[in-house]
Amino acid sequence: MSNVNNRFKKDLDKFITEFDDDLIICRCEEVTKGEIRRAVHDGMYTLTEIRRYLRSGMGLCQGQTCQILVKGIVAKELGISPMDLEPVISRSPTRPIEMKVLGNEGKEAL
Amino acid sequence: MTRYDLIIVGAGPAGLSAAIEAAKQGLKVIVFDENAKPGGQLFKQIHKFFGSKEHKAKIRGFKIGEELLKEANDFGVEVVLNAIVIGLYLDKEVTVNINDEIRHYKGDAVIVATGASENMVTFDGWTLPGVIGAGAAQTMMNLHSVRPGNKVLMLGSGNVGLVVSFQLLQAGCEVVALVDAAPKVGGYGVHAAKVARCGVSFYLSHTIIKAEGEECVKGVTIGEVDSRWRLVPGTEKHFEVDTICLAVGLSPMSQLLKMAGCEMKNTPAGYVPKCDETGETNIPGLFAAGDVSGIEEASSAMIEGRIAGLAAAENLGFLDKEELSEKIYELKKALLSLREGMFAPGNRGKAIEKTEEGIDLSINLLKKGYVGETEIERFPGVTRKKGVHPVIECTQNIPCNPCQDVCPKKCIKIGDKITSLPTLDETKECSGCGMCVAACSGQAIFLMNEEFEPGFAAITLPYEFLPLPSKGDKGMALDRSGKEICEAEIIDVKTKQVFDHTHLLTMKVPVNMAGKSRFFVVRRQENE
């Protein structure tokens, strides 16, 4: 995280459109590369902030496919190594689940 | 709420191994797995494993899976399938979705062995149907007997990319290209060589520019990248394919550990918990084993699992500290020997130019996937001799030694250091039994007889394709690059139980082609 904070010492480069900005990165929530890059320039420097802001990684696969991709894009935008970015907070349920199942406590022993 | 001595999440190689060891010590163990079948990735692994006897070398992955399951059953381990662990909380409470009900379990110790998931890369068209993970391709072929496509491009030259490419060929797919942005083949050279000799072209320093097609993949364009990963204009190449396989690495599925409050760290092997040498996290009694604690091979996952299972037993008082260190001493040694050689985790990213013996590595192998004709002679397993003898095209230091163990005549020597290149003992006489050919997990051993008939040599090679050629079949011999170089005739086909589905083809080729001929295709024109 320390390197993320170092970012504040100098301003982020100005947002410049890239040719592949409309590439879908998070398939479940249809978030594009450009949206993620833009979010960094809007002040979202951590992966948890990006997730709340864009819903990337909040869909059916819960970031299984895109979290590494998002990490790479954010790190590049911040000019740091992906290793310096803390992954998002993990919460239950770790797998997609229907609300009716989540609320259905098994009472009798199997 | 149900309480167990030990709860294990994941019934793959690490989880099952941990369960077996813990149950042997008398623990009441339950294993949850979200899949319909146990074994994790093991049942997709139809190739023979590397390593030595204690690593179950030369046994096919799915057989190892069967052995583990049987052992777990014998020791009374309860394995619950279709059981999706959705949470891991304070005091080792585990919530599991079983039959659409949430069940609560408590473990005095918990081992998380959830494995890893496949990484993806993005390019124009990467979301088209037909772009799949290499692991997905393996699942389709080896678990469900479904061919993922007809014409496939593989991205990634690590062991997964190489092994799955070979399996695609075995399933009858055409692999049109094996592509990697890195300048060198990432996986074992022997895996690359067996793919290359089937005629698959390697494109190193290349990346996918675009997957084409409206509804699904119809084609793909790749291009060369320079040392700073920038596309070199004018180097585009187009292939007609219906499938693009991505084998670009794995990431540990460590979410449960993070949720439980484990201290985590970012490493080149992924985002993993900080563990001690037994796999115990900073939370006493909570362990991680296998890929979830850092991406490695199934062989090391099994040993890590065994260690974690024993450590959990010690944690709960089923073993004392001394018994534990005694029991894990050999396991730790076996684990260390797997982490040696030029592909060791510690060598990741290092440029290695010579073998441990001081021999220059084959550059052609790293760039094109096969050892060049002028390079092969400098390796100690490649010698010329009268009569029948093995030619061992093993050119990299990897932890593997079944060839030494199986030779009844003791012709092949590796020595105590498991990563050493095999050498031939010239004083011993080869009987031509072919055990080494079948046992070599890398399919890198051939039997050579340059005096088979005047002007003709006989070459015996490992063969794992169907239909199996039969004696008298005529066809073409292929060189190491997969190019047809001369006519060849099959003079013998050996199939034995001890060869475990590796058939030995012996083909007759002109003697001047003996040094080059390494594969065989039946000539098809006659029938068509």
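The values are calculated or read from the model by the stated rules, or taken from the named source; none is laboratory data. This structure is a prediction, so every number in the text was calculated from the model and none was measured. Glycine gets a Cβ as well: all are built from the backbone with ideal geometry, and neighbour counts include every protein chain shown.
Brief remarks follow.
- Any hit, segment B:304-317, residues being surrounded by fewer than 17 Cβ atoms within 10 Å (Cβ to Cβ), modelled with pLDDT of 95 or more and in the same structural domain as B:G15 (by the TED database): yes
- Scan segment B:345-375 for residues that are modelled with pLDDT of 90 or more and part of a loop (DSSP other than H, G, I, E, B) and the total you get is 13.
- Taking segment A:65-96 as the range and being touching a strand residue (DSSP E or B) at 6+ places or on another chain (Cβ under 7 Å) and either outside any helix (DSSP H, G or I) or facing chain B (nearest Cβ under 8 Å) (or both) as the test, the residues that pass are A:C66, A:I68, A:L69, A:M83, A:P87, A:S92, A:P93, A:T94, A:R95.
- Under the condition of being touching a residue at least 60 places away in the same chain (Cβ under 8 Å), among the hydrophobic types (A, V, I, L, M, F, W, C) and not in a loop (DSSP other than H, G, I, E, B), the residues counted in segment B:30-61 number 4.
- Evaluating B:V79 against the criteria (1) modelled with pLDDT under 95; (2) crowded, with 16+ Cβ neighbours inside 10 Å; (3) not in a helix (DSSP H, G or I) leaves one unmet condition, (1).
- Strands (runs of 3 or more DSSP E) enclosed by segment B:457-528 - at least 2 residues per element that are free of Cβ contacts under 8 Å to residues at least 60 places away in the same chain, over 22 Å from the mean Cα position of the chain (by Cα) and surrounded by fewer than 18 Cβ atoms within 10 Å (Cβ to Cβ): B:484-494, B:519-522
- Within segment A:52-94, if we keep just the residues that are exposed (fewer than 15 other Cβ atoms within 10 Å of the Cβ) and over 15 Å from the mean Cα position of the chain (by Cα), the residue that is nearest to B:M253 (Cα to Cα) turns out to be A:S81.
- Every residue from segment B:272-298 that is of a type in the set (S, T, Y) and surrounded by fewer than 24 Cβ atoms within 10 Å (Cβ to Cβ): B:T278, B:T281
- For segment B:250-273, the count of residues that are part of a loop (DSSP other than H, G, I, E, B), outside the structural domain of B:V160 (by the TED database) and without any contact (Cβ under 8 Å) to a residue 40 or more places away in the chain is nonzero.
- B:V220 falls short on exactly one of the conditions (1) farther than 30 Å from B:T114 by Cβ; (2) assigned to a loop (DSSP other than H, G, I, E, B), and that condition is (2).
- Test: residue in segment B:236-243 that is under 19 Å from B:L153 (Cβ atoms), in contact with a Cys (Cβ under 8 Å, 6 or more places away or on another chain) and of a type outside the set (F, W, Y): yes
- Test: residue in segment B:230-250 that is more than 22 Å from A:Q62 (Cβ to Cβ), within 11 Å of chain A (Cβ to nearest Cβ) and of a type in the set (V, I, T): no
- Test for B:G261: is it surrounded by fewer than 20 Cβ atoms within 10 Å (Cβ to Cβ) and either of a type in the set (S, T, N, Q) or within 14 Å of chain A (Cβ to nearest Cβ) (or both): yes
Yes or no, residue by residue, for (1) under 20 Å from the mean Cα position of the chain (by Cα); (2) among the β-branched types (V, I, T):
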residue: B:G107; (1), (2): no, no
residue: B:I111; (1), (2): no, yes
residue: B:A134; (1), (2): yes, no
residue: B:A137; (1), (2): yes, no
residue: B:K151; (1), (2): no, no
residue: B:Q170; (1), (2): yes, no
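- Considering each residue of segment B:103-118 in turn, at least one proves to be farther than 30 Å from B:L310 by Cβ and either part of a loop (DSSP other than H, G, I, E, B) or within 14 Å of chain A (Cβ to nearest Cβ) (or both).
- Residue that is farthest from B:L361 (Cα to Cα) [pool: residues in segment B:396-416 that are in contact (Cβ under 8 Å) with a residue 60 or more places away in the chain and not hydrophobic (A, V, I, L, M, F, W, C)]: B:D405
- Pairs, first more than 26 Å from B:E54 (Cβ to Cβ) in segment B:338-355, second surrounded by fewer than 17 Cβ atoms within 10 Å (Cβ to Cβ) and not basic (K, R), C-beta under 7 Å, six or more apart: B:E353/B:D360; B:K354/B:D360
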